[in-house]
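Nothing in this text is a laboratory measurement; each read-out follows from the coordinates by a stated rule. Treat the numbers as computed from the prediction; the structure is a model and nothing was measured. Heads up, the Cβs are rebuilt from the backbone with ideal geometry, glycines too, and the neighbour counts pull from every protein chain shown.
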Amino acid sequence: MDGGRDSAVSRDGGIGRANTDDARHPLEEARRALVSAGRHVMTPASVSTCLGTDEQGWARFAAHWEDLAPDPYAAETGTRRLRRYGHFSLSRAGEVRARPHLAFVQPEESNPLYLEVNRYFEPLTEAFLREPLLTSLLRMLGQVAACLDGADEWTVKVHPFRVVAEAGAEGQPTPEGRHRDGVTLVTSLLVDRVNAVGGESTVYALDGAELLTTTLSRLGTLLLGDDRTTLHEVSPVRPLDARLPAHRDVLVTTLAPC
């Protein structure tokens, strides 16, 4: 983990800060925040409680980021990024089914850099597909997304990312800049930060007003956003110690009605 890490810092008048209600009812707190404000940060303790996991479970989950593949599309913009991609269906009852591995295409009126471009990424490994924590996370996100849409079934897209930075070569988590993903719920789960500074996540209203800026800095911190009503971007990542490389590992998961 990042030796320069501090706890998540938020500047949005209280959204995303832990309180006693959040500790007792983290999913309800998340749903209320999404409905009223369009964004929310869940603390690692809340996420761990909801997923029923511990340090050992998180360590097993984080190990999958050591088996990602280069992202050739990000390389075209000068960013060194590793990733894989998985596509699932999630029923209202919580049944998770893997869908065929096809090209990833951004929906209309979303990511301006890759709009309607077929991008082919390496699939999730078999070990990742069998990961119990992934299944628990998808079911939890389905419970959260239900406050935004009463879908009977969700299409769920899963993107484990590692953005790498070196001295003189910043890592760009969002080379496309401020954007939407064209879905209902967009989420970003911090998995690891090593020797990294920067990587601030900012959520904006559709008119450009800043709603929240937070640095996801602790394993298990989860940023949730109503993608229909907000935009988001992440600032560049740089090495804390310029003699060593840095990286930032996240899991981006999106849900949209089937």
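A few comments on the model shown:
- Residue-normalised convex hull volume from the C-alpha trace of region 169-241: 83 Å³ per residue.
- Peptide ranges 151-164, 211-224 listed from the most packed, as the mean C-beta count within 10 angstrom indicates: 211-224, 151-164
- Computed E for residue 152/residue 178 - FRET, C-beta separation, R0 30 angstrom, nearest 0.05: 0.40
- Sequence-distant residues sharing a close amide H with residue 184 (under 5 Å, placed H): 255, 256
- Added length on full extension, which subtracts the Cα-Cα distance from 0.36 nm per residue, residue 45 to residue 66: 5.1 nm
- Relative pair counts by distance (%), Cα atoms of region 130-258, 5 Å bins: 2, 11, 20, 22, 18, 15, 8, 4, 1, 0, 0
- Descending by average beta-carbon neighbour count within 10 Å, the peptides 124-130, 85-91 line up as 85-91, 124-130, the highest first.
- Residue-by-residue Karplus 3J(HN,Hα) for region 183-189, coefficients 6.51, -1.76, 1.60, Hz, glycine and proline x: 10, 8, 10, 10, 9, 9, 10
- The stretch between residue 169 and residue 229, if pulled fully straight at 0.36 nm per residue, gains 18.3 nm over its current Cα-Cα span.
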